[in-house]
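Take a look at the structure set out below.
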Amino acid sequence: MQAIHNNIVLDVNAARSTAVISAKAEDTKSRYLDITLTCAGEVIPLDSHDRAVLMAREIDTGRTVGCTDGSIVSGKIVAELTGALLSVPGTLECEIVIYGTDSSVLTSACFNIIVAGRIDSTVIERESDFSALTLALSDVAGTSDRLDALTDRIQPVSLGGTGSTDIETAAQTLKVASLADCSAIASNTDMNSLTTPGTYHARNSVVSSLTNCPVDGAFKLFVMEQQPNYYIQLLIAVVGNTMWFRGSSAANTYTAWRKVLTTDAVIAESGTWNPTAESGTVTVATAFYAYDGHCVTIGTKLTCGNDITTALNLTGLPLTVRYKTVGSGVAMDTDDTVSVIAVGTKLQIRSSASMANKTIILSATYMI
């Protein structure tokens, strides 16, 4: 059987509507109202996640006899005239109440439903009276449960909520920069694997075990999605107050870390670095660096093994070279000079004579 839909328009600025709906007592699942809300003649847009409730009371007694959930379909409120609502002949005064997802409440103008009695079927349906009562009570209980759910449950992001009951978790769920102590980075984590947007932190006790980490102390890390499968990592170190960043040049593959420099013309940072030979054996005595926000000065003193001849590449520069730079070097025992080129994260060292078993002092200044 096709259900009957009565279309009515209710102005929220009017106290009462002239619309009158006729129905028969005890009809169930057959009569519906399709209600459009307006304000000064303009249709009020409704969100499908808003909640619409049809309220009804008997005019003669003032007793509320109905509280029925409706649904919002294509901007209209569709409300069923339930069996409980139409259980007794008489005139009902009704209104629609809209509960918005933003906690707003809006009530329509009142309108009347005239419920006409039908031919007495008491004898036929006496055995089903208890079933009808049970269904009516179930409908009321269901409405109560839905009200409790709207009040108590955690609303997901898809329904306009934060997915949480506390600020810190909400910030993480919504992928915003949080001041909270968010997701801890576990020991032995490869930082190239951190591609889930969010806020992370690492304590001093785990930093030394991390792979592809540019610092040796505690830090906060923000991971952001630049576009699908391409990410940006922004790291703020606690020790030294430094900031590092990098992006993914291909899906899930990060580029080298770059440090954000200061612009002060003073020594912004100094320390030691760890030269490592790409091939051959070297013993490092000292290795230092200093930078002033514009350029880096590095130096090292090392002894070459007998497997080093006229070429040596040292890796591990503390900051990446931006422009290829020429430096200088000298072998202490023979005063032989060697050429030094700084490029990328390497020092390329070349000599016209063998450097085997010689102690060499190297220096270079480069832009980053």
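The values are calculated or read from the model by the stated rules, or taken from the named source; none is laboratory data. Keep in mind it's a predicted model, so treat the numbers as computed, not measured. Positions of Cβ are backbone-derived with ideal geometry, glycine not excepted, and every protein chain shown enters the neighbour counts. Just so you know, the surface numbers come from the protein's heavy atoms only, side chains and all, with ligands and any DNA or RNA stripped out. Shrake-Rupley method; radii C 1.70, N 1.55, O 1.52, S 1.80 Å.
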| said: Net charge within 11 Å of Phe111 by Cβ-Cβ distance, Lys/Arg positive one each and Asp/Glu negative one each, not counting Phe111 itself? | reply: -2
| Solvent exposure of segment 1-59 as accessible area per residue, Å², 1.4 Å probe | 58 Å²
| What nm value, rounded to one decimal, do you get for the distance between Thr309 and Lys24 when each label is placed 7 Å out toward the C-beta? | 10.7 nm
| How much length is gained if the chain between Thr169 and Lys324 is pulled fully straight, taking 0.36 nm per residue apart and subtracting their Cα-Cα distance, in nm to one decimal? | 51.2 nm
| field | Note, ³J(HN,Hα) from phi for segment 66-81, Karplus 6.51, -1.76, 1.60, rounded to Hz, x at Gly and Pro | value | x, 9, 10, 5, x, 10, 10, 10, 6, x, 10, 8, 10, 10, 7, 7
| message | What does the charge count around Leu235 come to, taking other residues whose C-beta lies under 13 Å from its C-beta (Lys +1, Arg +1, Asp -1, Glu -1)? | response | +3
| Inter-site label distance for Ser363 and Asp60 at 7 Å from Cα along Cβ, in nm | 10.8 nm
| query | Karplus couplings for segment 103-109 from phi (6.51 cos²θ - 1.76 cosθ + 1.60, θ = phi - 60°), rounded to Hz, Gly and Pro as x? | reply | 6, 7, 10, 9, 10, 7, 5
| List the lysines whose alpha-carbon lies under 27 Å from that of Lys24, not counting same-chain residues fewer than 8 positions away? | Lys76
| field | Accessible area of Ser30 in the full protein assembly, 1.4 Å probe (Å², nearest 10) | value | 20 Å²
| Residues of type lysines that Lys220 reaches as a straight line, Cα spacing below 18 Å, ignoring anything fewer than 8 places off in the same chain | Lys175, Lys259
| Between Asp336 and Val73, what is the spin-label point distance in nm, taking each point 7 Å from the Cα along the Cα→C-beta axis? | 9.1 nm
| field | By accessible area with a 1.4 Å probe, ligands and nucleic acids excluded, highest first: order of Ser205, Ser193 | value | Ser205, Ser193
| task | Quote the Stokes-Einstein diffusion coefficient, in whole µm² s⁻¹, for segment 203-338, based on the Kirkwood radius over alpha carbon pairs, a temperature of 37 °C and a viscosity of 0.692 mPa s. | result | 188 µm²/s
| message | If you take every residue apart from Val9 with its C-beta less than 12 Å away from the C-beta of Val9, what net charge results, scoring Lys and Arg +1 and Asp and Glu -1? | response | -2
| query | Excluding same-chain residues fewer than 8 positions from Lys358, which lysines have a Cα within less than 21 Å of its Cα? | reply | Lys301, Lys346
| note | Note: Ala290 to Ile44 extended length (0.36 nm per residue) minus current alpha-carbon separation gives 82.0 nm
